[in-house]
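A.B. asks: One structure, as structure tokens, below. Some questions next.
Nothing in this text is a laboratory measurement; each read-out follows from the coordinates by a stated rule. The model shown is predicted, which means the values in this text are computed figures rather than measured ones. No Cβ is skipped: glycine too gets one built from the backbone with ideal geometry, and neighbour counts run over all protein chains shown.
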Amino acid sequence: MEGSDDVGHEAEGQGPSDEEATNSRTDHAETGSRVAGVLNAAEEAAETITEEARRQADELLRQAKADAAARVEELTREARRVRTEADDYARDIRDAVDSYGTQARREAEEGARKLLSDAEEQARATREAAQEMANQIDQDTQRRHESLVREAKSLEERRQRVLDGLRDLAAQLQDALVEPTSRERDQSLADALDVERRR
């Protein structure tokens, strides 16, 4: 085995040459740089994804609120228009029946009141429908926002797990690149056996 050969060479006073040691250190440095590059790239990608998710959530919430406000305003204008038309129509009827007798006037005024009452009821129903629609839009937007926040949090946790895993891998690679002494290998083996016994 390679480790046994190295130990044998060291025991015989024939350790690795200066050139081999230099090459080994260079390889270790390159490996460390690569690991650091992977860690940095993973962290930047995760931050970009998280920021984009938050930006989309904020934009969706802003747009939904704007749409809801516009819809409420539109429905309110429609209610006012219906009310205005009903008022105009009622006035026209009252003006038209002024030339008739008292009975005809009473009947016309009753019709106008009924029409006005219906128009007010329609306007009220329209306002309530607009408010309900706005509330529904707001609830849907809130749910979507919460979903995006949860997704962003999940991405953040996944990013952290990936970073932790890469750090562990980097530490293992670093440990693997440092050749242990015979005593350290014996201690590592004893620790591993102790862990197995505890399981």
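A.B. asks: Above 13 angstrom, tally the Cα pairs of the stretch 27-75 and express them as a % of all pairs, no decimals. Working shown, then result.
C.D. replies: Numbers: 820 of 1176 pairs.
Result: 70 percent of Cα pairs exceed 13 Å.
A.B. asks: Considering only the other residues whose Cβ falls under 12 Å of the Cβ of Leu39, what net charge follows from Lys and Arg at +1 and Asp and Glu at -1?
C.D. replies: Cβ neighbours under 12 Å give a net charge of -1.
A.B. asks: When the Cα centres of the stretch 109-133 and the stretch 43-69 are compared, how far apart do they sit, in Å?
C.D. replies: That distance is 40 Å.
A.B. asks: May I ask for the net charge around Glu156, where only other residues with Cβ less than 12 Å from the Cβ of Glu156 are counted and Lys, Arg are +1 while Asp, Glu are -1? Intermediate results must be reported in sequence, preceding the final value.
C.D. replies: Details: positive: Arg54, Arg150, Lys153, Arg158, Arg159, Arg161; negative: Glu43, Glu47, Glu51, Glu151, Glu157.
Here the count lands on +1.
A.B. asks: Enumerate the whole-percent occupancy of each 10 Å bin, from 0 to the last occupied one, for all C-alpha pair distances of the stretch 59-152.
C.D. replies: 16, 29, 20, 15, 11, 6, 3, 0
A.B. asks: Quick one: 3J(HN,Hα) in Hz for the stretch 56-73, Karplus 6.51/-1.76/1.60 with θ = phi - 60°, rounded, Gly and Pro as x.
C.D. replies: 5, 4, 5, 5, 4, 4, 4, 5, 5, 5, 5, 4, 5, 5, 5, 5, 4, 5
A.B. asks: Using θ = phi - 60° and the Karplus curve 6.51 cos²θ - 1.76 cosθ + 1.60, what whole-Hz ³J(HN,Hα) does each residue of the stretch 145-151 get, with Gly and Pro shown as x?
C.D. replies: Computed from phi, the couplings for the stretch 145-151 are 4, 5, 5, 5, 5, 4, 5 Hz.
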